[in-house]
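Step one of this worksheet: look at the structure below.
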Amino acid sequence: MTLEMVGFWMVAAVLVASSLAVVLTPNLFHAVLYLAAALVATGLVFLLLDSPFLFAVQLLLYAVGVMTVVVFAIMLTERLVGERIVQTSRSLLNGAVVAGAVFVGVVGFLIRAPRSVLRPTLDADAIPAIGRALVGPFAVTLELLGLLLVVALLGALYFARTDE
Amino acid sequence: MSLNAYLTLAALVFAIGLFGVLTRRNAIGILLGIELMLNAVNINLVAFARFHGDLRGLVFTLFTIAITVAEVAVGLAIVIVIFRVRRTVEADRLDLLRG
């Protein structure tokens, strides 16, 4: 058992447990906190896949940025004290059947796929190459993404503004 | 670990997120499920990029992360405006478009 296997199983256990908690806990605020744990665990999976840059992006954008926005949305729409924060679920059995079918279908494809490729050795640090790709072949995409972010934030501002 | 291990983990997280989207009544809870599903996709992208030695998967993951953040901002703004108009974020009671 290598160090990577131990790390993978620990991170996988944390990720699956916190994901289950996100969809099962009755308290909406707790669900958001469990989602933060799941997002950090996903970042650790990136770290296991030798992508420290994406780990940092995941922490900064997701685990901090998204969490802040979601917590604000809950505070604006629910009363944090009292019974409103408790959310209920519906048709648990149907949801479990559909989600289980999707999982079994994907795993069925994975089993039938050709034997998995070997992990190539990492020849160089990927971060400078990512930077060159972002301003080289992907420069137009990067600019479009910036435009999308501006439009999305202006749209969110427009939706959430008050009338006066 | 093999590529299949990472892909199976991603499929499991995706299925859990789908379960959340299907069963949650609260609109914010549904958005949290969508977040989980998008995360599973990112795990797939990074795993394929690493095991095929292809940088483009990592760049694409950066783009999907940024797009997801924009999606969350717009989605939550819509939830807030729905709450302001209807005083509820229960998805079952938001049936304005029902014929």
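A few remarks follow.
- Selection status of B:Phe83, aromatic (Phe, Trp, Tyr) and in contact (Cβ under 8 Å) with a residue 12 or more places away in the chain: no
- Residue tally, condition surrounded by 12 or more Cβ atoms within 10 Å (Cβ to Cβ) and either assigned to a loop (DSSP other than H, G, I, E, B) or polar (S, T, N, Q) (or both), over region A:114-136: 3
- Residue within region B:79-95 that is of a type outside the set (Lys, Arg), farther than 20 Å from A:Ser51 by Cα, within 18 Å of the chain's Cα centre (by Cα) and assigned to a helix (DSSP H, G or I) present: yes
- When B:Leu58 is tested against (1) over 26 Å from A:Thr25 (Cβ atoms); (2) free of Cβ contacts under 8 Å to residues at least 40 places away in the same chain; (3) surrounded by fewer than 22 Cβ atoms within 10 Å (Cβ to Cβ), just one condition goes unmet, and that condition is (3).
- Residue ID - farthest from the chain's Cα centre (by Cα), chosen from residues in region A:26-55 that are of a type in the set (Ser, Thr, Tyr) and in a helix (DSSP H, G or I): A:Tyr34
- Region B:7-41, residues that are facing chain A (nearest Cβ under 7 Å) and over 29 Å from B:Phe83 (Cβ atoms): B:Leu7, B:Thr8, B:Leu9, B:Ala11, B:Leu12, B:Ala15
- Of all the listed residues (A:Ala156, A:Ala152, A:Ala160, A:Ala126), the sole one being under 19 Å from B:Phe48 (Cα atoms) and facing chain B (nearest Cβ under 9 Å) is A:Ala126.
- Restricting attention to region B:1-34, the residues being of a type in the set (D, E, K, R) and over 20 Å from A:Ala101 (Cα atoms) number 1.
- Test: B:Thr61 is under 19 Å from A:Thr42 (Cα atoms), touching an Asp or Glu at 6+ places or on another chain (Cβ under 9 Å), facing chain A (nearest Cβ under 9 Å) and at pLDDT 85 or above: no
- Verdict on B:Glu71 being at the interface with another protein chain (Cβ under 7 Å from one of its Cβ atoms), part of a helix (DSSP H, G or I) and without any contact (Cβ under 8 Å) to a residue 60 or more places away in the chain: no
- Residue that is nearest to B:Gly53 (Cα to Cα), among those in region A:63-80 that are at the interface with another protein chain (Cβ under 7 Å from one of its Cβ atoms) and not small (Gly, Ala, Ser): A:Val66
The values are calculated or read from the model by the stated rules, or taken from the named source; none is laboratory data. These numbers were taken from a predicted model, which means no experiment stands behind them. We place every Cβ from the backbone using ideal geometry, glycine too, and count neighbours over all the protein chains shown.
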